[in-house]
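Below is one structure, written out as structure tokens, with a few remarks after it.
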Amino acid sequence: MRRAAVFLALLLCLLWTGARGEDQSSSETQVSIDVWAELKELRDLAIEHRIKIQRLEQDNTATQVRLTASESKNAESRMSSSEKDVGEFKRANTVLENRVSSRGKEVEQLQRPNAEHMARVTASENKSTAFESRMSSSRLQVAFSAGFNDSGAVGPFNTTITLKYSKVFTNVGQDYSPTTGIFTAPVRGVYYFRFNVWENRGSVHTSVELHHNDQMKMRLYDYNDSVGYVSASNSMVLQLERGDVVYVVLSSGYGVYDDSFNRMIFSGFLLFPQ
């Protein structure tokens, strides 16, 4: 607006100067009329330009408002899209974590039998090492001797039972089990065994048997027909394979007797390996 006013003043000066140079004889009244007419036209032109400028400014403001709204919508749209992407990523990550957890459980289940197998292998290796240590000595030593029990009279029963000689006196090599009453041969060889039977009840039959694996090898028998006691004993040499078992059985319908005097003994030892 300031530039338009300056331009208008200069133009008036030029017009006024030119008018005087061309016709100084013109009347001052006519010059004044022409100048004011031109000024009016210039004023009207300036007003028109101002109105156009105001409209342009209004249009510009409206455009900026629309741009701001559009940018806001675009930002919201981008944020919504990003949030959707994050949600999908989280869901995919959850699925992946579930799969990893499931695989971990499968691996754990696969490792458990393997650990048990390794434990058995380790136990077997320990037994093998212990056996090799025993065999590496100058002479493998195997011997045991055990008493029956202190319960007094035992039997008769209507079935045969394995006698568990629970009072262990000697168990070199730990090959006799007082829990089961069974001796297990640690090595192939020739073994010596001795056992006996004792009974003090009148009118009672007594009998025990020596078994090798599932075969009866020897039987002791006696009958106490009066007051007192009866006893019998014997021994046997057996050739055993490694893992063979030897034990004493109480025959069905017979009884035995033992107490703190250790009247019944089961013993054995290795004569020599083969």
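No lab work stands behind these numbers, since they all come straight from the coordinates. Note that the structure is a prediction, hence the values are computed from the model and not measured. FYI the Cβ positions are ideal-geometry reconstructions off the backbone, even for glycines, and counts take in every protein chain you see.
The residues packed around Ser251, meaning those with a beta-carbon under 15 Å from its beta-carbon, carry a net charge of -1 if Lys and Arg are +1 and Asp and Glu are -1. The Cα-based radius of gyration of region 143-273, divided by its Kirkwood radius, gives an Rg/Rh of 0.97. Sorting the segments 56-66, 148-158 by their residues' average number of neighbouring beta-carbon atoms within 10 angstrom, most packed first, yields 148-158, 56-66.
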